[in-house]
Amino acid sequence: MNIISVRNLHKTYNKGKTQALKGVDFDVRQGEIFGLIGPDGAGKTTLFRILTTLLLPDSGTAQVDGYDVVKKYKDIRRHIGYMPGRFSLYQDMTVEENLTFFATVFNTTIQENYHLVEDIYKQIEPFKHRRASKLSGGMKQKLALSCALIHAPHVLFLDEPTTGVDPVSRKEFWEMLQKLKTNFHLSIVVSTPYMDEAMQCDRIALMQGGEFLTIDTPQGIIESYTDRLWSVRSDNMHRLLTDLRKMEGVQTAFAFGESHHITVDASLTFDVFRQKLTALGHQEIQIEEITPSIEDCFMHLQN
Amino acid sequence: MKVLKYLLIKEYKQMFRGYLIPILFVLVPFALTNLVPRIATQEVSNLDIAVIDNDHSSVSKRLTEKISASGFFNLRSLCGNYMEAYDLLQRGDVDFIVTIENGFERILYREGAAKMMLSVNSVNGMKGGLGNNYLTQIVMQYAKELNEETRNSMVSPMNICPQFLFNSQLNYKPYMIPALMSLGLILLMGFLPALNMVSEKEKGTIEQINVTPVGRVEFILSKLIPYWIVGLFIVGFSMLLAWKIHQVVPAGSIALVFLFAFVYILTVSALGIIVANYSDTLRQTAMLMFFFIIVFALTSGLVSPVSSMPDWAQEVTRLNPVRYIITSLREIFLKGSTFTQLLPQFIPLCIYSAVTMTWAVISYRKKQ
C-alpha cells in the first residue's frame, strides 16, 4: 500500500522563471524510509512543502495518507509530522512546554502517545525545564523529532534533519528513525544532501534540478552501475585530476575525498594506465578497483 | 476553541518570559500620562522682554511694572534706545520689545490716546502670538484702570470678558491626556501583535504551526486576545495615573472610556496583524508600522486640531481611527458626553474594527 503517491508534479517560482519541480513521479510505501537525496537546490524542500500542504503545486497531483494535498489539506495536517530543515520550535519555551504545546494543538496529550517518543524523549527529559534555545544541536533535534511525533502521525516528513549535525548525533538520529520504522511501522520521508546516509533508507530517489534521476533501493542503484570504477592516487593530486580528464580511455574523473574516482573503458588495464601516469611524471601511484558508492552513482547519473 | 485556550496559554508564557515587554506595559502609560503633559504644555510663561522707556513718566513706569508683575514676562532689561534692545532680541536674550515714546503721558492726557510700539520675535509663532495677546491684555487693563482713575474721556472701545466652557482655566492636561492615552495604545497595541506575528515568521516557528490543524481564526485570535487584555489594563492604569498625578478624571462615564478604548484596541491590533501578514521580516513590519503610526498621530488632532486643517485634509482624516478615539475621549473627559452624543465617533470606529479584523484573518495564509 502506498502512503504517498505523486504524479507529474510541477512547481515554478518567480512567475515561471525558476523551475523548482519539473514533473516528479513517485510512490512511498507504507512503513518504509524513503530518502530524497540531492544537492542544495535540487527541489527537495519544495517537494516537502507541497506534500506538507504549505505550498500549492502548479500542476500534477499528490496524495498523502489517501488525501489530496490541495483539496483535503485539512485532513493531511492531522496525520503528518513535519520537521523543517530549520529548528522551528519556540526557543523561549522549555522542552516540556514545547512538547505539551504541540500535543495540545493536535488535541492529544503527552501521556497518550508517550510510547512513540519515549526512546527519544527520555534522552532530553533531564533537561525538560530548560529553554529550547539553551539546548545543544543534537538535543534540539531530538526535541524537534519528539514534537513532530507526539500526535502519532501516519507519515513523518524530515527535511534535511542531519544537516549541520555532528557525525555521532547523525548516526544516533538514523538509529532512532530505524527504530520508529520497525517498532511502529511508521512511514518516513527524509531528505538529505549526504550521500552516505542513503544506505540507511529502504528506497531512495536521487534528485537534481527539480527532477528525479532514479528511484530504487540503494542496493539496486549500486547494482545498476555497470562501469568499471577505479580509485587513483598519486603524489600530485591536483595535476593528476587534470591529467586524468585528458587521458584517453578515461571516461569520467572526479575528486572524491582523498582519491580520485574514474570510470574507464573496458580496454584499459592497470598496467597500461600506470605506465601512462608514470610517463606524465606522477609518483607514488596507487590504483584500486572499487565498488561504487551512492555518490558515484549520483555522479554517473548526472552525466 | 479548546485549541485556542492552549494557544493563549502559550502566548502568555512567551509574553512574560522576558521582562522587557511587561515593563513597557507600565512604562509607556507612565511616561505618556505623567511626563509628557508636564513638558508638552501649550501654556506660555517666562517670556523675556525688554522695555525702552523714553518717557520716564509715572504712567510709563506703572506700565512697566504692570508688565513685569503679570507673571508671564521676565523684564530682562530696560534699554536706552531701540538699537540696544534689538541687539538683545537678535542674540535671543529677549523675544519682546516694548517702546514707549517720549511724551507718552502728555499726549495720553491731552488727546485721550497715545501710541506705543511692540516688537515681537515670531520665529516661534505660537509663543509670539500668545505673548502678543498677553501684552495687549495687560495694556488694555491698564488703560481701563487709568480711565477709572481719571474719569476723563479716554476711549475704551469695548470690554471683552471671555468665559471658557468645559475647561474654565484652559488647563492643557485634561485635553492632552486622553490624546496621549490613544497614542500609547496604538504604540503598544499596534506594534506588539505585529512584531509577535512577524517574528514567528522570521524564526520559522510559523511553519510548524501551519502544518497543524490549528485554524487561522484561532491563530489570529491567539495573537490578539492577550493584547486586548493588556490594552484594557493600560487604559485603566493611565486613568489612574491621570487621576492621582494630575487630578484629571473623566467628566463622563468611565465605562464609556473603556468601551471606546476597547473598540479602538481591536482596530489597531488588527491593523498590526495585517501589516505583519504582508511583510516577511521584522524590519519591514517595523518600518510600515512607524509610517502608519506617525501619519495617524499627526493627522489625528493630537497636535493640531482637525477643525483647523484644510477641508480636503479634514476629509482624509476620516480614514484615521486615531481621530475618532481622540475626539471621543476628549469629549468624555472634558464635556462628559454621553454614548448617544458620541455615536458619530463610535459608528466609524466599529466599522473600522470590523473591516480590519476581517482583513487580518483573510490576509493570513497558511498556504502559499
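Quick notes on this one:
- Selected residue (only one of B:346, B:333, B:339, B:291 is touching a helix residue (DSSP H, G or I) at 6+ places or on another chain (Cβ under 8 Å), closer than 30 Å to residue B:197 by Cβ, at pLDDT 90 or above and in the same structural domain as residue B:220 (by TED's automatic domain parsing)): B:346
- Candidate set: the stretch B:300-329, residues that are under 14 Å from residue B:186 (Cα atoms) and more than 11 Å from the chain's Cα centre (by Cα); chosen: the one surrounded by the fewest Cβ atoms within 10 Å (Cβ to Cβ): B:320
- For the residues B:211, B:235, the requirement of being under 20 Å from the mean Cα position of the chain (by Cα) and either surrounded by 20 or more Cβ atoms within 10 Å (Cβ to Cβ) or small (Gly, Ala, Ser) (or both) singles out B:235.
- Residue check, residue A:87 modelled with pLDDT under 90 and assigned by TED's automatic domain parsing to the domain that holds residue A:49: yes
- Residue identified as assigned to a strand (DSSP E or B) and β-branched (Val, Ile, Thr) among A:162, A:214: A:214
- Residues that are surrounded by 16 or more Cβ atoms within 10 Å (Cβ to Cβ) number at least 3 in the following helices (runs of 4 or more DSSP H) confined to the stretch B:29-97: B:58-69, B:82-91.
- Here the stretch A:49-63 is the region considered, the condition is being within 11 Å of chain B (Cβ to nearest Cβ) and among the hydrophobic types (A, V, I, L, M, F, W, C), and the residue that is surrounded by the fewest Cβ atoms within 10 Å (Cβ to Cβ) is A:56.
- Test: residue in the stretch B:1-13 that is over 30 Å from residue B:180 (Cβ atoms), outside any helix (DSSP H, G or I) and within 14 Å of another protein chain (Cβ to nearest Cβ): yes
- Unmet criterion (only one of (1) without any contact (Cβ under 8 Å) to a residue 24 or more places away in the chain; (2) under 20 Å from the mean Cα position of the chain (by Cα)) for residue A:214: (1)
- Among residues of the stretch A:139-182 being over 14 Å from the mean Cα position of the chain (by Cα) and among the polar types (S, T, N, Q), the one that is modelled with the lowest pLDDT is A:169.
- Positions within the stretch A:72-103 being basic (Lys, Arg) and within 9 Å of chain B (Cβ to nearest Cβ), in sequence order: A:74, A:77, A:78, A:86
The values are calculated or read from the model by the stated rules, or taken from the named source; none is laboratory data. Everything numeric here is computed off the predicted structure, so don't read it as measured data. Ideal geometry is used to build each Cβ from the backbone, glycine not excepted, and the neighbour counts take in all protein chains shown.
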